[in-house]
């Protein structure tokens with residue numbers, strides 16, 4: 001009988017969620033230029049490379065940065081927090097982990113699992129993806145500091161655990177973070193032959209809207225109930241087919257993405273510190289809204305692994321058979337950047353080109369109805385993600 005594994009790390013009191021006095025950030029240069037007039041004049045650019053800069057901000061300035069990105073630029077991310085100046089500087093170094101993660105080849109990208117993949121892809125069901133989106137959107141907000149944010153992560157954990165309850169080789173965990181209450185979620189299918197090698201499919205579990213995120217209604221249907229629902233559909237299909245990978249497969253729902261990729265940064269940094277061998281990461285952040293007329297799936301070419309992106313394009317041609325292309329989303333636009341910054345290969349297939357982004361995100365109007373009323377677009381990403389897992393975890 002399947003067990004739900006207990007929390008990783010001890011429960012912490014509310015008093016332990018205090019913010020640090022200041023944070024080192026690497027910030028997209030375009031974003032920094034727009035927010036510069038709102039920052040204290042004493043804030044200095046300390047290092048700059050690869051289209052981003054290192055700055056040191058107070059917690060209130062970080063909140064202002066996040067708010068400006070959400071309200072004025074209508075995009076996610078744009079910055080990553082770091083423990084020290086040295087860590088931040090290394091993240092932008094042309095000889096550092098980010099450079100390696102973008103340019104190295106981490107796996108054999110052959111496509112030879114059609115007998116397994118094709119039947120699974122045919123099992124993707126739009127209604128079940130839509131249902132999960134609707135359930136997640138009923139939480140008033142999934143903001144990382146709120147009670148409903150905490151409860152929504154527990155709901156995702158319980159949903160994934162129920163889908164895998166018949167498997168003794170599968171575990172579902174809440175990954176507790178020391179500085180805020182919302183947990184991330186990790187589901188693990190242990191590999192049968194190369195268990196030390198890991199393939200990851202992830203998306204962020206939080207949502208945001210209103211001043212500093214926590215006070216307003218934030219259904220986040222597109223951003224990012226759609227990504228979590230798409231991942232849930234992949235889990236459902238793999239479990240229904242009793243899928244057993246040779247490499248270990250992990251599914252992740254990250255906390256606190258909307259305020260600087262905090263949850264994924266914690267996890268990716270811990271994997272690096274533990275010398276874990278991650279051979280592939282896919283991020284699903286917004287799969288619901290079809291904003292680009294002539295493209296169904298758009299790969300973000302910046303801060304991602306070039307060889308793995310090509311692999312995804314081949315998977316789309318082989319199994320999904322829809323139009324696709326490339327765009328750029330800027331520095332730190334989603335959780336894939338946390339893995340890239342720690343030296344791991346990551347990709348983010350997105351719902352549209354960045355110039356066609358859904359402008360209702362980060363508001364109370366990010367609803368299913370405002371993204372077309374169904375999950376047909378998201379179903380394409382479920383097919384791609386299923387193919388990614390089966391072809392890469394062999």
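Distance between the modelled labels on residue 277 and residue 116, one decimal in nanometres: 1.8 nm (7 Å Cα→Cβ projection).
If you run the Gaussian network model on the chain, springs between alpha carbon atoms under 10 Å, then out of 127, 219, 345 the most flexible one is 127. For the stretch 319-382, the extents of the C-alpha atoms along the principal axes are 39, 33, 19 Å, listed from largest to smallest.
At R0 = 45 Å, how high is the FRET efficiency between residue 45 and residue 374 if r is their beta carbon distance? Nearest 0.05 is fine. It comes to 0.50. Rounded to the nearest 10 degrees, the inclination of helix 147-163 to the longest alpha-carbon principal axis of the chain is 20 degrees.
When the Cα atoms of the stretch 20-97 are aligned to their principal axes, the ranges along those axes come out at 34, 26, 19 Å in descending order.
I'd like to compare 113-124, 264-275: which one has the highest average count of other Cβ atoms within 10 Å, and what's the full order after that?
In decreasing order of mean packing, 113-124, 264-275 become 264-275, 113-124.
With each label modelled as a point 7 angstrom along the Cα→C-beta vector, the residue 195-residue 71 pair spans 5.1 nm.
Highest mean packing comes first when the peptides 317-323, 179-185 are listed by Cβ atoms within 10 Å, giving 179-185, 317-323. Could you tell me how many degrees, from 0 to 90 and to the nearest 10, lie between the Cα long axis of helix 126-137 and the main elongation axis, the longest principal axis, of the Cα atoms of the chain? For helix 126-137, the angle is close to 30 degrees. Calculated from the alpha-carbon coordinates, the stretch 107-392 shows an Rg and a Dmax of 17.0, 50 Å respectively. The stretch 232-268 and the stretch 94-117 have Cα centres lying 18 Å from one another. Summary of the geometry: the stretch 366-386 and the stretch 148-213, compared by the centres of their Cα atoms, lie 20 Å apart. Packing, as the average of other Cβ atoms within 10 Å across residues, places the peptides 328-334, 35-41 in the order 328-334, 35-41, highest first.
Taken together, the values in this text are just the output of simple stated rules run on the coordinates, not laboratory data. Every value quoted in this text rests on a predicted model; they were computed, and no experiment measured them. FYI the Cβ positions are ideal-geometry reconstructions off the backbone, even for glycines, and counts take in every protein chain you see.
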